[in-house]
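The values are calculated or read from the model by the stated rules, or taken from the named source; none is laboratory data. Nothing here was measured: the structure is a model prediction, and the numbers come from that model. Don't worry about glycine lacking a Cβ; one is built from the backbone with ideal geometry, like all the others, and counts go over all protein chains shown.
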Amino acid sequence: MNFNKQFVDDLIRWGYQPLPVVGATKRPIFARWQSDTFSADAILSSSLTALGLRMGDNGLQAIDVDIKNAPEPFVFLDEFKKVYSDAELPFEKLIWQSTMSGGAHIIYRTDNPLPSKKLALNEEGAATIELRGTKSQVVIYEPDKFNKLQSLPTLNDEELFRLYSVIFNFDKTNKEMNKRKDFTDYNNANSCLDILMNHGWTVVNENDSWYELLRDGNPTSSNSGKVFKDTNRAYIWSTSTSLPSCETLTPAALSCFLDFGGDWKSFSRSIGVNQWTQNDTRNNLSIFQITSPNKTILMSDELLPKPLIGALWQEGELAVLFGPTNIGKSILAVDIADAIASGSGLFDGMLPTATPKKVLYIDFELTEKQFALRYKGRNFSGNFSRATPNYDFANLVDFRKNVIVEMMSAVQQLGAEILIVDNLSNVNPDNTQALDAALLVQDFKRMKNELNISILLIGHTPKMIPGVSIELTHLAGSAQLSNLIDSCFALNKVTRGANVYIKQLKQRNDEQMYGSENVIIGQIEKGEYLQFKYFGTCVESELLAFQESRDDRNEKIRQDYKSQQISVRELAKKYDLGKTQVADIVKGVRPEN
């Protein structure tokens, strides 16, 4: 196939990167094709047998309909074309090209391009439809159709979800929703349509392939999701529900998220005692769960919490470690990561780890060079991996949403069981706002449940007055964060000296062992490398015994205001108080002339 210079120049001018590829292998010729840019002259002067187009540039993505894994390839393609044409999609925003193998590419633009992934599988788990996302490319078979890229509009969220719903109509597997237990009997006995309707959803449209439904409440959209007739699977695009969005859901998954908040253990136990026997799960739920005491004892190993770091953090929990700036949170977090990865626990076994696990540490704080300088000479466990951001490839338009997707992809790629994120303010800068904090933690809760992992988030606290006991209220965004997380512990400074201490502030699955009466004392030490050095335990108030009394502080404020003619605003900043509070303290005091 011949490509002229004008066509290649146009693609580059419109914001895309064409790539010379070897036709038989479909592999780009250039070594750094995923990141570098190449001129038209360089492309045309290569041994060009075919031309590809890099995905991700200017929001470009492609759906690859690969029919070779379908039992009847051309029947599959005809069925796909029919559903695609009947779906009321914005076809003016889509480019359809046929491939040499008989399949198709659907090319479009989005504001939030994603990494490549499999979207629909056959019964054996082989991919029939895939997303060609960032750092991938597709071969151009019908060049004339790509002239549309000059002014191709982006798909909005509802249009994108509508396209995805077509794809998920052809997904024949249960995906990860069966990860804890085989729910085949439950899925066969229950209907996604019945479950949603029993929870207030209504059918607003129907065709041969699916039902369109609208969620309960006061939605502004025309529909919130679909149930596919052939597969008995639901696809929810609305993000205003308790259900995971943009993925296929089985009847078991719908019931788990609607009735148990995504808690697969509780859902599994309910199935085990035949608590759900009809389609109407809502009517069959009971406040009581009847079990045998002997069975409970036999299950004790499964039911009892398994420590990641002693009583501070258990398996399956979403936890937060926070504290003031520059106190050593990241150093403690790295020690925790390595202790879990090696299975050694912390502080001479005082905080044990059940078994070694694969840990992924998302490090927004240190570059590779900074980390190397801080830990030169240390030998970390082979189960410990770090990931640092490359902002050259980051989509900053909706960074929080995209970075969550990237984290999930990295966890799956590594096979990690533990995720540590350092720190929250890099994922979403303004966690002091209640709604922002709630949405952020919901993202991580959903990730935890979907991937069956444990997560530790590193948070921060606004500037604290020295000598004040650290509490949950000091966590930025605490009103929402503390309600949604499973456990929380903090790092704080003692009033005098270089020591710091760890205080347990919340626990859901274990007793509080390291609260205010038994905090863990230590110090960030620079030996051969930085680490948290454990000294013992102590009563928190003894570490804050040098706290200045409120009366002494108030008298100093009055003297400053009286003798130095310092303003209320300046006093508030100096003593880390509110202006109104300072004004009340100095009320009636006259500055000296």
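Some observations on this one:
- Residues of segment 112-155 satisfying the condition of being crowded, with 16+ Cβ neighbours inside 10 Å and in contact with a Pro (Cβ under 9 Å, 6 or more places away or on another chain): 122, 131, 133, 134, 136, 137, 140, 155
- Tally, over segment 245-275, of residues that are at pLDDT below 70, at negative phi and either crowded, with 20+ Cβ neighbours inside 10 Å or under 24 Å from the mean Cα position of the chain (by Cα) (or both): 2
- Scanning segment 90-120 for residues that are charged (D, E, K, R) and at pLDDT below 85 gives 117, 118.
- Just one of the numbered conditions (1) of a type in the set (Asp, Glu); (2) modelled with pLDDT under 90; (3) within 16 Å of the chain's Cα centre (by Cα) is not true of residue 348: (3).
- Reported count of residues in segment 129-182, each being hydroxyl-bearing (Ser, Thr, Tyr), touching a helix residue (DSSP H, G or I) at 6+ places or on another chain (Cβ under 8 Å) and either under 30 Å from residue 214 (Cβ atoms) or at pLDDT 90 or above (or both), is 1.
- For beta carbons closer than 8 Å, sequence separation of 6+ or different chains, a first residue in segment 302-322 that is within 19 Å of residue 518 (Cα to Cα) and a second that is at pLDDT 90 or above and among the basic types (Lys, Arg), the qualifying pairs are 321/329; 322/329.
- Residue in segment 375-385 that is assigned to a helix (DSSP H, G or I), within 24 Å of the chain's Cα centre (by Cα) and farther than 15 Å from residue 313 by Cα present: no
- Count of segment 1-28 residues which are at pLDDT below 85 and of a type outside the set (S, T, N, Q): 7
- For segment 337-374, residues that are buried (at least 17 other Cβ atoms within 10 Å of the Cβ), hydrophobic (A, V, I, L, M, F, W, C) and part of a loop (DSSP other than H, G, I, E, B) total 3.
- Of the residues contained in segment 512-521, one or more are found to be surrounded by fewer than 22 Cβ atoms within 10 Å (Cβ to Cβ), outside any loop (DSSP other than H, G, I, E, B) and touching a Phe, Trp or Tyr at 6+ places or on another chain (Cβ under 9 Å).
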